[in-house]
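I have placed the structure first, in the form of structure tokens, so that the comments after it can refer back to it.
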């Protein structure tokens with residue numbers, strides 16, 4: 001009887017903690033700002049996006065870089081992909097509500113489906129190319145997978161670097177809606193209620209945790225000046241990933257795909273996930289980097305450039 005009472009008490013505490021965490025996480029609104037440091041922004045569905053192009057159009061499919069996060073910035077790529085500009089256009093952009101791009105207070109604007117449509121509008125109306133090569137890092141891998149599923153005819157090749165699964169391994173929307181904040185808070189703590197302060201808190205959380213995902217944790221210089229991050233869009237887009245794993249649909253894709261991982265990365269974006277994706281995607285190649293973590297394009301740049309160049313000329 002006493003044991004049952006203890007169990008009920010502990011469950012009640014868990015539910016109270018989950019409810020408090022949910023309320024604290026949900027109270028934060030996006031930090032409202034226009035496109036920052038945008039020399040040549042592009043406007044897609046009422047959002048001004050940070051947009052930058054290297055190289056010139058020489059007939060090859062343009063390369064579009066899809067950054068991670070969610071809520072992070074294309075500045076995190078540093079110069080790790082600049083070598084691709086010799087083969088044609090290389091496009092950097094920040095997704096809505098992320099990095100330097102415009103944010104709004106409307107949290108319903110931040111879903112993975114809208115980011116897929118945003119990328120398609122970017123391809124068709126801004127880049128104006130029938131086919132593109134999509135290179136995606138971390139969370140960007142889920143966006144790239146969904147984009148390729150929806151628009152396979154427009155993806156010449158797909159490169160997934162340190163990618164998450166298409167649903168980030170989260171299938172139950174009820175569980176993640178009500179208990180996700182409690183899980184996040186155990187690792188990150190609680191965000192402040194002010195939008196800008198929450199973004200700063202989110203930045204500091206990444207500064208504290210990201211070095212653990214490097215092969216050499218002392219190389220924090222590789223992660224400096226990676227662009228601004230946004231907490232509320234991260235929260236909303238992350239939840240929108242929850243749902244089906246689309247394994248059957250992914251297995252039918254014929255798009256040539258390169259799955260890249262760093263040996264020192266976490267299991268969620270490292271070898272286990274990359275191996276799973278490579279086995280699932282029928283026309284795929286797996287490439288591992290023994291002296292890298294989550295950022296092989298910065299940690300082993302020479303090897304990385306060679307692996308990508310070999311894949312792109314096939």
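No lab work stands behind these numbers, since they all come straight from the coordinates. Everything numeric here is computed off the predicted structure, so don't read it as measured data. Reconstructed Cβ throughout: ideal geometry from the backbone, glycine too, with neighbour counts over all protein chains shown.
Assorted remarks:
- Peptide ranges 96-103, 227-234, 205-212 listed from the most packed, as the mean C-beta count within 10 angstrom indicates: 96-103, 227-234, 205-212
- Contact order relative to length of the range 210-314, as percent, for alpha carbon pairs under 8 angstrom and 6 or more apart: 29 percent
- Dividing the mean sequence gap of close Cα pairs (under 8 Å, 6+ apart) by how many residues the chain holds gives a relative contact order of 20 percent.
- Against the chain, whose longest principal axis is taken from its Cα atoms, helix 301-312 shows a tilt of about 70°.
- Three-way shape label, the range 237-314, alpha-carbon gyration tensor, a/c 1.5: oblate
- Against the chain, whose longest principal axis comes from its Cα atoms, helix 271-280 is set at around 60 degrees.
- Rounded if a/c under 1.5, otherwise prolate or oblate - the range 195-254, Cα gyration tensor axes: oblate
- Mean shadow area of the range 81-217 over all directions, Cα convex hull, nm²: 10.4 nm²
- Average silhouette area of the chain, convex hull of alpha-carbon atoms, in square nanometres: 16.9 nm²
- Geometric extent, Cα atoms of the range 157-277 - Rg, Dmax (angstrom): 16.2, 46
- Distance between the 7 Å Cα→Cβ label points at residue 24 and residue 303: 4.1 nm.
- With Cα atoms defining each centre, the range 129-180 and the range 69-95 are spaced 17 Å apart in the structure.
- Crossing angle, helix 195-209 versus the chain [Cα axis fit, 0-90 degrees, rounded to tens]: 80 degrees
- Estimated FRET transfer efficiency (residue 153, residue 113; beta-carbon r; R0 30 Å; 0.05): 0.95
- Full extension of the chain between residue 58 and residue 79 gives 5.4 nm of extra length, using 0.36 nm per residue less the Cα-Cα distance.
- The range 1-136 - Kirkwood radius from inverse mean 1/r over Cα pairs (Å): 17.3 Å
- Antiparallel bridges, percent of DSSP beta bridges restricted to the chain (to nearest 5): 25 percent
- Length gained when the stretch residue 314-residue 186 is fully extended (0.36 nm per residue, less Cα-Cα span): 41.5 nm
- Given R0 = 22 Å, the distance between the Cβ atoms of residue 105 and residue 126 translates into a calculated FRET efficiency of 0.30.
- Maximal additional length on extending the residue 1-residue 196 stretch stands at 65.3 nm, based on 0.36 nm per residue less the C-alpha distance.
- Taking the helices alone, the chain has a mean residue ellipticity at 222 nm of -11500 deg cm²/dmol, built from -39,500 (n - 2.57) per DSSP H run of at least 4 residues and averaged over all its residues.
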